Amino acid sequence: MALVDRVKAILLNPRTEWAVIESEPATPASLYKGYAVPLAAIPAIAGLIGLTVFGVSFVGMRVTLGFGDALAGAAVRFVGALLGVYVLALIIDALAPSFGGQKNSTQALKVAVYSSTASWLAGVFLIIPSLGVLSVLGLYSLYLLYLGLPQLMKSPADKALVYTVVVVVCGVVIFLLVGMLVGRVMGYPGLRP
């Protein structure tokens with residue numbers, strides 16, 4: 001399925017689309033190359049443009065980043081998004097039996113990749129940093145995750161909400177730890193060793 005068609009289908013008809021996704025053959029390479037990489041680039045590129053062209057307001061002052069710093073930030077955001085999807089898939093797969101589901105690393109990666117669609121698309125608002133608050137629309141990804149887990153991981157529907165919450169909590173903890181590590185590596189103020 002073409003990228004734009006899949007994006008529209010997963011956002012507008014997620015219940016139907018998860019059934020289609022479930023039966024499609026996929027490999028990690030095909031999921032990344034054909035879907036995750038192009039979509040994960042959206043917030044990275046939008047953030048790069050927003051921080052270099054428009055800047056952000058901070059204590060009544062407009063602050064822009066130099067291209068090099070913004071490019072480094074965009075690269076970290078992009079790689080972090082791709083690694084984050086992989087980590088999320090590992091969590092989904094590891095937790096499946098605890099919620100009556102079946103372990104299946106490919107299906108777990110499908111859930112992680114396709115449920116991230118809304119959050120990646122909402123990253124377009126980073127082009128104009130003052131509109132960044134609209135990135136909250138990316139929370140629709142949590143609903144996509146909630147619908148995808150029972151369909152692809154074969155967990156009972158009555159356990160889908162708890163499964164979703166546990167996956168999200170585990171994911172947030174891991175992403176915070178990774179973010180702190182990235183902050184230390186990049187030398188963000190307050191996070192230096």
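Structure values in brief
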item	result
Top of VAL59, VAL20, VAL85 by mean-square fluctuation, Gaussian network on the chain, Cα under 10 Å	VAL59
Cα→Cβ-extended label distance, 7 Å offset, between ILE174 and ASP69, nm	3.2
C-alpha center-to-center spacing [the stretch 137-163, the stretch 1-48] in angstrom	16
Total formal charge among the other residues, if their Cβ is under 15 angstrom from that of GLY47, Lys/Arg +1 and Asp/Glu -1	0
Cα-based Lys pair tally, the chain, threshold under 22 Å, eight or more apart or on separate chains	7
Ranked order, LYS110, LYS154 - accessible area, probe 1.4 Å, largest first	LYS154, LYS110
Helix-derived mean residue ellipticity, 222 nm - over the chain, DSSP H n ≥ 4, -39500 (n - 2.57), to 500	-20500 deg cm²/dmol
Residue-normalised accessible area of the stretch 1-129, given per residue in Å² at a 1.4 Å probe	50
Degrees, to the nearest 10: 160-186 long Cα axis against longest axis of the chain	30
Net lengthening on full extension, LEU142/LYS33 (0.36 nm per residue, minus Cα-Cα)	37.0 nm
On Cα atoms only, tilt of 37-49 relative to the major axis of the chain in degrees	20
Percentage relative contact order, the chain, counting C-alpha pairs under 8 Å, at least six apart	24
Inter-label distance for ILE49 and LEU134, nm, one decimal - labels placed 7 Å from Cα along Cα-to-Cβ	1.2
Listed residues MET153, MET61, MET180, most fluctuating in the chain (Gaussian network, C-alpha, under 10 Å)	MET61
Nearest-ten-degree value, helix 105-115 long axis tilted from longest Cα axis of the chain	50
Ranking by accessible area, most exposed first, for THR52, THR64 with a 1.4 Å probe	THR64, THR52
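The values are calculated or read from the model by the stated rules, or taken from the named source; none is laboratory data. Just so you know, these numbers come straight off a predicted model, no measurement behind them. Backbone-built Cβ (ideal geometry, glycine too); neighbour counts: all protein chains shown. Keep in mind that these areas ignore ligands, DNA and RNA; they rest on the heavy atoms of the full protein, side chains included. Shrake-Rupley method; radii C 1.70, N 1.55, O 1.52, S 1.80 Å.
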